[in-house]
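Presented below is the structure to which this report refers.
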Amino acid sequence: MAKVPYTKTAKTYAEQLQMLKDRGLKIDSDAKTLHLLERLSYFRLSGYWYPLLSDPKINHVFKPNAKFQTAFLLYRFDRDLRAFILKELEKIEVAVRAQMIYVMAHGRHPFWITDPSLFVSLAEHTKSIGNLQQEFKRSDEDFIKAFKIKYSDPLPPCWMLLEIASFGTLSKIYENLRPGRSKRDIANHFGVDETTFQSWLHCFVYIRNVCAHHSRLWNKGMSIKPAIPLNPRKTWLNNTSVNNNRTYFILSIMLYFLQTIDRKHQFIFRFNILLRKYPNVDVTAMGFPVNWKQEPLWEFKPSFKQNARLLVAKIIKK
């Protein structure tokens, strides 16, 4: 199909509202809808009413009884899901950072990051060093300020330097490490081989960026496909035929890591609370299989305290 110039013009909030009505979307309150269009933007919200369109969706006609409120609740669920994921990713990022620092500092030396012989690609290593130099230059951390005052080294040891590195840079550094015992030990600590660990790190960086930029996530088909582990050393999915580019697979990877990082985690409990808060969300659109709750990885056995919190949540919801 030949490409054509984009000719659509900007519409006022009132025109956007009328267009939604003309296409069959039920609006409970004009004032509230106008406020949300102004605060969130038509284009951002359109990703959440897209599932409400009749086929073929290119006609932009809504299904009978499709409601704006349904789309807005999907938006709120997605927002809460991203916040939930970011909180758990923080644990994972910190744990990976700590393990890389410890294993490499003891297996090599405190300044191993600056040693090009430890890396596969000199070009990638140079790029990583450049990123770290920029972080070092603009960091206002007290321990970095103290290092600059006292020491003449161009960069600090790894336990300082990796603390100011981005998750993306951390992932690239691991990916570029030459194969060997240290690289293998880092991955083995989390119960996977180097190739899978490298793929999953890349996945975490991607998901973190999606969440940090407030992009739609819940039913997103990811542009990356994290590796399916061949010989996982911890509890993993029995059903390995699920799509590995959907939210379910990403959440399962996070759960797998938490078996090492935080054995008393409340990931499953908090995720179930989230689903209870938004009962109309279709988890199959997130890649969840029908029997996902029967997966050993996803089995939820609430403690007495968690049972009490679930009961309180039910009462509040009523």
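The values are calculated or read from the model by the stated rules, or taken from the named source; none is laboratory data. Since the model is a prediction, treat every value here as computed from it, not as a measurement. A quick note on method: Cβ atoms are made from the backbone with ideal geometry, for glycine too, and the neighbour counts reach across all protein chains shown. All accessible areas refer to the heavy atoms of the entire protein, side chains included, with ligands and DNA or RNA removed. Shrake-Rupley method; radii C 1.70, N 1.55, O 1.52, S 1.80 Å.
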With criteria (1) out of contact with any His (no Cβ under 9 Å at 6 or more places or on another chain); (2) in contact (Cβ under 8 Å) with a residue 60 or more places away in the chain; (3) closer than 20 Å to residue 208 by Cβ; (4) not basic (Lys, Arg), residue 104 comes up short on (3)
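Answer yes or no: is there a residue in the range 16-30 that is of a type in the set (Ser, Thr, Tyr), more than 30 Å from residue 208 (Cα to Cα), surrounded by 13 or more Cβ atoms within 10 Å (Cβ to Cβ) and out of contact with any Asp or Glu (no Cβ under 6 Å at 6 or more places or on another chain).
Here is the first cut: in the range 16-30, the ones of a type in the set (Ser, Thr, Tyr) are 29.
Keeping just the survivors that are more than 30 Å from residue 208 (Cα to Cα) gives 29.
Next, only the ones that are surrounded by 13 or more Cβ atoms within 10 Å (Cβ to Cβ) stay: none.
No, there is no match, as no residue in the range 16-30 is of a type in the set (Ser, Thr, Tyr), more than 30 Å from residue 208 (Cα to Cα), surrounded by 13 or more Cβ atoms within 10 Å (Cβ to Cβ) and out of contact with any Asp or Glu (no Cβ under 6 Å at 6 or more places or on another chain).
Name the helices (runs of 4 or more DSSP H) wholly inside the range 42-142 in which the number of residues that are more than 28 Å from residue 189 (Cβ to Cβ) and open to solvent by less than 20 Å² (accessible area, probe 1.4 Å) is 2 or more. Lay out the reasoning, then the answer.
On the way: elements: 42-49, 68-107, 122-138.
Result: 42-49, 68-107.
Please determine whether any residue of the range 69-77 is at pLDDT 95 or above and of a type in the set (Val, Ile, Thr). So that I can check it myself, show each step before the final result.
Of the residues in the range 69-77, the ones at pLDDT 95 or above are 69-77.
Imposing the further condition that a residue be of a type in the set (Val, Ile, Thr) reduces the set to 70.
Yes, the range 69-77 has at least one match.
For (1) touching a residue at least 24 places away in the same chain (Cβ under 8 Å); (2) within 30 Å of residue 163 (Cα to Cα), each residue gets a yes or a no:
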| residue | (1), (2) |
| --- | --- |
| 5 | no, no |
| 21 | no, no |
| 56 | no, no |
| 72 | yes, no |
| 90 | no, yes |
| 96 | yes, yes |
| 100 | yes, yes |
| 111 | yes, yes |
